[in-house]
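Chemist: First the structure, then my questions, so here it is.
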Amino acid sequence: MQTQRIRRLADAGRRAGMEALVLMPGANLHYLMGMTLHLSERLALAIISTAEDSVRVVLPQLEQPRAQQEYVGGMPVEWFPWSDEEGYRVALRRAASNLIGRTVGVEYTVMRVLELRALEEAAGIHSLDATDVLASLRMRKDADELALMREAARIVETGMRIAIESLRPGRTEREIATIWEEVMRDEGSSGPSFATIVASGPNSANPHHTTGDRRIEPGDLVILDGGATYRGYCSDITRTVAVGPISAEQRRIYEVVQAANQAGFAACRPGVSGAHIDRAARSVIEDAGYGRYFVHRTGHGLGMEIHEPPYITATAQQPLAAGTVFTVEPGVYIAGVGGVRIEDSVVLTEAGADSLTTVDRALRVLE
Ligand code: ZN
Ligand code: ZN
C-alpha cells in the first residue's frame, strides 16, 4: 500500500513540475513510508524521485534500526546514516547527488532553514511548495484509515461519556480532563491528539481556553473538547453541557449552535465545497443574531494530524470528495453569558455524510 502511496505522490509531484520531493520527519513521511522519525536538532529527511522508483533517507545513525524496522512497502530504500562525530554534510551530499540543480518539492510549513540551506549547499536545489500535493493524497481516507479513525472516535467518546458523568459543582476542569484522558489511555489510545479542553463558566466564552483549576459552579456552561490518538490517527469531538440552573439566553445559544451543527452536517455531501458547509452552519447563527460571536471557521480536516486540509471556511472553494474526513464545529462565545460549541467529525460518503462521533447532542442540564 505504501509503495502505491509513494507512486501516487511521485505522479502528483511530477504533474506539479517537481523532479523530486524532500520530506521531513512527520505525518507525511509516516503516511508514505510507515516511519515515525522524530523531528529533532539532528537532520533527517527522505528524498523521493518523481522520475524513477527511488527513495533515499538521510538520518542520524542511531535512528536507522528503528526506521528500517518501521519502513513498509516494497520499494527499495537507500540509507545514508550519519554519526555525531562526522556530521550530516557528507551523507547529505551523497544522498542529494541526484538533486543537483533540480526543482524539488518541500513542505513549506515543516522544513526548517537548517534543511533548506543544507540542501541548497549540497545540491543547489530550486524549491517549490509541496503542501497541496501532499494534502491531496491524504485528504481522502481509505478503508484501513477509516477503521482506525472510527476506533479513535470510539475511544474519545468512551472517555467523554465518563467525563460528563463525573461533572459536578466543586470539581475542577483539570480533574475532569484527567478522568477523560485516563479512560482514553485504558481504551488503547497512545495519548490525546491535542491538549484536552474543559472550559467552564466564564472560561467557556473563550474558544481557546487552557484547561485550568477553576471549580465548576451551578449555572455554568462547560465545553468539553477532546481527541484520542490511535495507531497514528486522531479523533476530535466537542460537547457542551450545562450545570443547572441555566439562564434563558444560555439555553437559547445552545439551541442555535445545535441547529447550526445540524445544518452543517446536512449540507455535507461529495462535490460540495468547504465554503458551502461553512455557509450552511454560519447562516443559522447569523439569522439568530449571534453571527459576530461565531469567531472561528466551521471545521478542519483530520487524520494523521489533528488539523490538516481541507479547512471548512468561507473561502474554501475546492469540491470535497467521498472519503474526506473533517469536523463540523460551530460555536457561539459571549462574555458574561458563556460559550457553546458542538463538534462532530464526519466522513463524506456517496450518500451524504456519516458522523464518526455520536455522543448525544441534545442539551443536558446536570443538577
Ligand atoms: Zn476540531
Ligand atoms: Zn475539537
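Chemist: Among what's in segment 99-154 and is touching a helix residue (DSSP H, G or I) at 6+ places or on another chain (Cβ under 8 Å) and among the small types (Gly, Ala, Ser), pick the residue that is nearest to Asp236 (Cα to Cα).
Modeler: For segment 99-154, the residue satisfying everything is Ser136.
Chemist: Can you tell which of Leu137, Leu167 is more than 16 Å from ligand 1 (Cβ to nearest atom), among the hydrophobic types (A, V, I, L, M, F, W, C) and under 19 Å from the mean Cα position of the chain (by Cα)? Steps first, please.
Modeler: Working: Leu167 fails: under 19 Å from the mean Cα position of the chain (by Cα).
That would be Leu137, the only listed residue that is more than 16 Å from ligand 1 (Cβ to nearest atom), among the hydrophobic types (A, V, I, L, M, F, W, C) and under 19 Å from the mean Cα position of the chain (by Cα).
Chemist: Which number in (1) touching a residue at least 60 places away in the same chain (Cβ under 8 Å); (2) surrounded by fewer than 13 Cβ atoms within 10 Å (Cβ to Cβ); (3) touching a helix residue (DSSP H, G or I) at 6+ places or on another chain (Cβ under 9 Å) marks the one condition that Asp84 misses?
Modeler: Every condition holds for Asp84 apart from (1).
Chemist: Quick test for you: out of Ala275, Ala314, Ala322, pick the one residue that is more than 16 Å from ligand 1 (Cβ to nearest atom), farther than 13 Å from Ala135 by Cα and out of contact with any Ser or Thr (no Cβ under 8 Å at 6 or more places or on another chain). Quick ask: steps written out before the conclusion?
Modeler: Numbers: Ala275 fails: out of contact with any Ser or Thr (no Cβ under 8 Å at 6 or more places or on another chain); Ala322 fails: out of contact with any Ser or Thr (no Cβ under 8 Å at 6 or more places or on another chain).
Result of the check over Ala275, Ala314, Ala322: Ala314.
Chemist: Looking at this structure, is Ala195 out of contact with any Pro (no Cβ under 9 Å at 6 or more places or on another chain), of a type in the set (A, V, I, L, M) and modelled with pLDDT of 95 or more?
Modeler: Numbers: out of contact with any Pro (no Cβ under 9 Å at 6 or more places or on another chain): yes; of a type in the set (A, V, I, L, M): yes; modelled with pLDDT of 95 or more: yes.
So Ala195 fits the description; yes.
Chemist: Return the residues of segment 185-207 that are touching a helix residue (DSSP H, G or I) at 6+ places or on another chain (Cβ under 9 Å) and within 16 Å of ligand 1 (Cβ to nearest atom); say none if nothing qualifies.
Modeler: Of everything in segment 185-207, those that are touching a helix residue (DSSP H, G or I) at 6+ places or on another chain (Cβ under 9 Å) and within 16 Å of ligand 1 (Cβ to nearest atom) turn out to be Pro192, Ser193, Ala195, Thr196, Ile197, Val198, Ala199.
Chemist: Could I ask something else about it? What strands (runs of 3 or more DSSP E), lying completely within segment 166-257, carry at least 3 residues that are over 30 Å from Glu145 (Cα atoms), outside the structural domain of Arg297 (by TED's automatic domain parsing) and β-branched (Val, Ile, Thr)?
Modeler: Numbers: elements: 197-200, 221-226, 228-230, 237-243.
Fully inside segment 166-257 and qualifying: nothing.
Chemist: Could you list all residues from segment 151-199 that are out of contact with any His (no Cβ under 7 Å at 6 or more places or on another chain), small (Gly, Ala, Ser) and within 28 Å of Val337 (Cα to Cα)?
Modeler: Start the filter on segment 151-199 by keeping residues that are out of contact with any His (no Cβ under 7 Å at 6 or more places or on another chain), which leaves 151-196, 198.
Next, only the ones that are small (Gly, Ala, Ser) stay: 152-153, 159, 163, 166, 170, 177, 188-191, 193, 195.
Within segment 151-199, Gly159, Ala163, Ser166, Gly170, Ala177, Ala195 qualify.
Chemist: Any idea how many residues of segment 324-348 are within 12 Å of ligand 2 (Cβ to nearest atom), part of a strand (DSSP E or B) and of a type outside the set (Val, Ile, Thr)?
Modeler: So the count comes out to 6.
Chemist: Counting just the residues of segment 332-356 that are within 27 Å of Thr131 (Cβ to Cβ) and crowded, with 16+ Cβ neighbours inside 10 Å, which one comes out nearest to the chain's Cα centre (by Cα)?
Modeler: Narrowing segment 332-356 to residues within 27 Å of Thr131 (Cβ to Cβ): 343-349, 353, 356.
Within this subset, residues satisfying the condition of being crowded, with 16+ Cβ neighbours inside 10 Å are 343-348, 353, 356.
Details: Glu343: 14, Asp344: 13, Ser345: 11, Val346: 13, Val347: 14, Leu348: 16, Ala353: 19, Leu356: 14 Å.
For segment 332-356, the residue satisfying everything is Ser345.
Chemist: Tell me whether segment 208-218 contains one or more residues that are surrounded by fewer than 21 Cβ atoms within 10 Å (Cβ to Cβ) and within 15 Å of ligand 1 (Cβ to nearest atom).
Modeler: Scanning segment 208-218, I find at least one residue that is surrounded by fewer than 21 Cβ atoms within 10 Å (Cβ to Cβ) and within 15 Å of ligand 1 (Cβ to nearest atom), so the answer is yes.
Chemist: Go over the candidates Val198, Val110 one by one and state the one that is among the aliphatic types (A, V, I, L, M) and within 27 Å of Gly34 (Cβ to Cβ). I'd like the intermediate steps shown before the answer.
Modeler: Numbers: Val198 fails: within 27 Å of Gly34 (Cβ to Cβ).
Residue meeting the stated conditions: Val110.
Chemist: Condition (residue is within 16 Å of ligand 2 (Cβ to nearest atom) and either in contact with a Lys or Arg (Cβ under 6 Å, 6 or more places away or on another chain) or in the same structural domain as Glu165 (by TED's automatic domain parsing) (or both)) applied to segment 279-293: is it met by at least one residue? Talk me through it step by step, then tell me what you get.
Modeler: Just the residues of segment 279-293 that are within 16 Å of ligand 2 (Cβ to nearest atom), to begin with: 281.
Cutting the leftovers down to either in contact with a Lys or Arg (Cβ under 6 Å, 6 or more places away or on another chain) or in the same structural domain as Glu165 (by TED's automatic domain parsing) (or both) gives us 281.
Scanning segment 279-293 turns up at least one residue that is within 16 Å of ligand 2 (Cβ to nearest atom) and either in contact with a Lys or Arg (Cβ under 6 Å, 6 or more places away or on another chain) or in the same structural domain as Glu165 (by TED's automatic domain parsing) (or both).
Chemist: Residues that are in a loop (DSSP other than H, G, I, E, B), of a type outside the set (Asp, Glu) and in contact (Cβ under 8 Å) with a residue 40 or more places away in the chain: does segment 307-314 have at least one?
Modeler: First, pick out the residues of segment 307-314 that are in a loop (DSSP other than H, G, I, E, B): 307, 313-314.
Remaining after also requiring of a type outside the set (Asp, Glu): 307, 313-314.
Going one step further and asking which of them are in contact (Cβ under 8 Å) with a residue 40 or more places away in the chain, we end up with none.
No, the conditions are met nowhere in segment 307-314.
Chemist: I've got another one for you. Find all pairs meeting these conditions: Cβ atoms under 9 angstrom apart; at least six residues apart or on different chains; first residue within segment 160-189 and under 30 Å from Pro245 (Cβ atoms) and in contact (Cβ under 8 Å) with a residue 60 or more places away in the chain; second residue among the small types (Gly, Ala, Ser) and part of a helix (DSSP H, G or I).
Modeler: Pairs found: Ala163/Ala177.
Chemist: Given the conditions (1) outside any loop (DSSP other than H, G, I, E, B); (2) over 16 Å from Thr358 (Cβ atoms), report the number of the one that Arg269 does not fulfil.
Modeler: (1)
Chemist: Follow-up. Look through Arg252, Arg239 and report the one residue that is among the basic types (Lys, Arg) and crowded, with 24+ Cβ neighbours inside 10 Å. Walk me through how you get there before you give the answer.
Modeler: Working: Arg252 fails: crowded, with 24+ Cβ neighbours inside 10 Å.
Being among the basic types (Lys, Arg) and crowded, with 24+ Cβ neighbours inside 10 Å holds for just one of Arg252, Arg239, which is Arg239.
Chemist: Same structure again: Looking at (1) surrounded by 22 or more Cβ atoms within 10 Å (Cβ to Cβ); (2) in contact with a helix residue (DSSP H, G or I) (Cβ under 6 Å, 6 or more places away or on another chain), can you tell me which one Leu29 breaks?
Modeler: (2)
The values are calculated or read from the model by the stated rules, or taken from the named source; none is laboratory data. Please read these numbers as outputs of a predicted model, since none were measured by experiment. Glycine also receives a Cβ, built like all others from the backbone with ideal geometry; neighbour counts cover every protein chain displayed.
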